[in-house]
1. Just to verify a result, which residue in region 27-53, among those that are over 32 Å from the mean Cα position of the chain (by Cα) and of a type in the set (A, V, I, L, M, F, W, C), is farthest from Arg15 (Cα to Cα)?
2. Test Gln162 against the stated conditions and say whether it is surrounded by fewer than 19 Cβ atoms within 10 Å (Cβ to Cβ) and not in a loop (DSSP other than H, G, I, E, B).
3. Only one of (1) among the hydrophobic types (A, V, I, L, M, F, W, C); (2) part of a loop (DSSP other than H, G, I, E, B); (3) within 13 Å of the chain's Cα centre (by Cα) is not met by Leu193, so which one is it?
4. Mind listing just one residue for me: the one in region 54-80 that is assigned to a helix (DSSP H, G or I) and open to solvent by 60 Å² or more (accessible area, probe 1.4 Å) and, of those, farthest from Ser109 (Cα to Cα)?
5. Any residue at all in region 35-44 that is in contact (Cβ under 8 Å) with a residue 40 or more places away in the chain, among the basic types (Lys, Arg) and closer than 19 Å to Leu110 by Cα?
6. Looking at the structure I just gave you, is Lys43 in contact with a Gly (Cβ under 9 Å, 6 or more places away or on another chain) and modelled with pLDDT of 95 or more?
7. Tell me which residues, restricted to region 196-221, are part of a strand (DSSP E or B) and open to solvent by 10 Å² or more (accessible area, probe 1.4 Å).
Amino acid sequence: MADVLVLRALRGQARTLNLNGRRLQRVPGAVCSLSLLASLQLKSNALCQLPAEVTELRNLTVLNLGNNQFVKVPNELKSLQSLQTLHMFGNRITEIPACVFDGLQNLKSLNLNNNLIESLPAEIQKLQSLEKLSINHNCLHNIPKELCILQNLCELHLGNNQLETLPEQIGYLSNLKELRIYRNNLCSLPEGLRRLRKLKVLDVAGNQIQAFPSRMHEIPLQELYCEENPLLIKEPVSAIQDEEILSLKEITARFVLSHLQNGSSQLLRGQITYYPDARRLLSSRNVCALCGKWFLDMWLECVKFVDVKKKKWKMKTSNNLQLLPVKILLCSYQCFNQRHSDIFGVAVQ
């Protein structure tokens, strides 16, 4: 029956061909003669490789290889330079050759759900047209920071993996509107997340998160899902802390940062330009939420509870979420002891 469909397509110079569920173990050779083909559906077969001749399908924009038996993403795909949508969900993929991304500069949507992928190659940064990436239900332990270079990415789906951290550079995904990282092993979210000013949907349900990054509540989210996380709860306990002893590195950094912040030493500002390592170190500074002074390391982590049910949010959230714990960074115990009544330290049990 598949051969009949291919013959009809050849006679009619077809632009679309649907061979879904035909129990194919190989792609019929004649398919690669359909030079005008724009959409090829090969879902739910028994394919484990593509013929070399598939590179002749230069007008192909949609390719569906879902629910087959591929164990790696085929190298032949790199020659399909017109490809915009690629489905490879429901296979047995453990490997993604780095060279595959070389010719996919026009790819906009990539679906790799329900595979066995443990890592992504850094070369994924070559997919500069990518708008939607879905890798749910895999075995990812981390994602490369190079992924964060994809400036056109609007949707990122990483649910049901084994992620323990996200790269700080995720804040560079300036056009990201939807981020779903539910059911992973995340204990925290990177501070860079707060830079995602176009983010509308965030799903972090089923992780190990206790508090959200500072200024997270300033992101104009429309939907936030965070159920099944051990979020901090508001149970005030009085506490006073003695002043800490700063390290020499921290004392020096705060001295320099103070002069840079106040603009009181042009000489110091000029000298810093000759020391790229020092400049890079100081660029990672934090800002005290209370006194506004710069400091090098996050010296004391507190939380502020934001009422997500206020009308100004107009956001869909997990049913039982009332107060969202958001991290607040303080530079010292002196600031901690003088903090506002709505800032709380984190009790260690």
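The values are calculated or read from the model by the stated rules, or taken from the named source; none is laboratory data. Quick caveat, the model's predicted, so the values are computed rather than measured. So basically every Cβ, Gly included, is an ideal-geometry build from the backbone, and we count neighbours across all protein chains shown. What goes into the accessible areas is simple: the full protein's heavy atoms, side chains included, and nothing from ligands, DNA or RNA. Shrake-Rupley method; radii C 1.70, N 1.55, O 1.52, S 1.80 Å.
1. First, pick out the residues of region 27-53 that are over 32 Å from the mean Cα position of the chain (by Cα): 27-37, 51-53.
Then keep just the ones that are of a type in the set (A, V, I, L, M, F, W, C); that gives 27, 30-32, 34, 36-37, 52.
On the way: Val27: 17, Ala30: 14, Val31: 11, Cys32: 12, Leu34: 8, Leu36: 6, Leu37: 4, Ala52: 20 Å.
Result: Ala52.
2. Values: surrounded by fewer than 19 Cβ atoms within 10 Å (Cβ to Cβ): yes; not in a loop (DSSP other than H, G, I, E, B): no.
So Gln162 fails the test.
3. Evaluating Leu193 over (1) among the hydrophobic types (A, V, I, L, M, F, W, C); (2) part of a loop (DSSP other than H, G, I, E, B); (3) within 13 Å of the chain's Cα centre (by Cα) leaves (2) as the failure.
4. Within region 54-80, the first condition is being assigned to a helix (DSSP H, G or I), and the residues that meet it are 54-56, 75-79.
Within this subset, residues satisfying the condition of being open to solvent by 60 Å² or more (accessible area, probe 1.4 Å) are 56, 78.
On the way: Glu56: 21, Lys78: 15 Å.
Ranking the qualifying residues of region 54-80, first place goes to Glu56.
5. Checked region 35-44: at least one residue is in contact (Cβ under 8 Å) with a residue 40 or more places away in the chain, among the basic types (Lys, Arg) and closer than 19 Å to Leu110 by Cα.
6. On the way: in contact with a Gly (Cβ under 9 Å, 6 or more places away or on another chain): yes; modelled with pLDDT of 95 or more: yes.
Yes, satisfied.
7. Applying the first criterion (part of a strand (DSSP E or B)) to region 196-221 yields 201-203, 212.
Listed by number, the residues that qualify are Val201, Asp203.
For (1) hydroxyl-bearing (Ser, Thr, Tyr); (2) farther than 17 Å from Asn115 by Cα; (3) out of contact with any Leu (no Cβ under 8 Å at 6 or more places or on another chain), each residue gets a yes or a no:
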site: Arg58; (1), (2), (3): no, yes, no
site: Asn64; (1), (2), (3): no, no, no
site: Val71; (1), (2), (3): no, no, yes
site: Pro74; (1), (2), (3): no, no, no
site: Lys78; (1), (2), (3): no, yes, no
site: Gln81; (1), (2), (3): no, yes, no
site: Phe89; (1), (2), (3): no, no, no
site: Glu95; (1), (2), (3): no, no, yes
site: Phe101; (1), (2), (3): no, yes, no
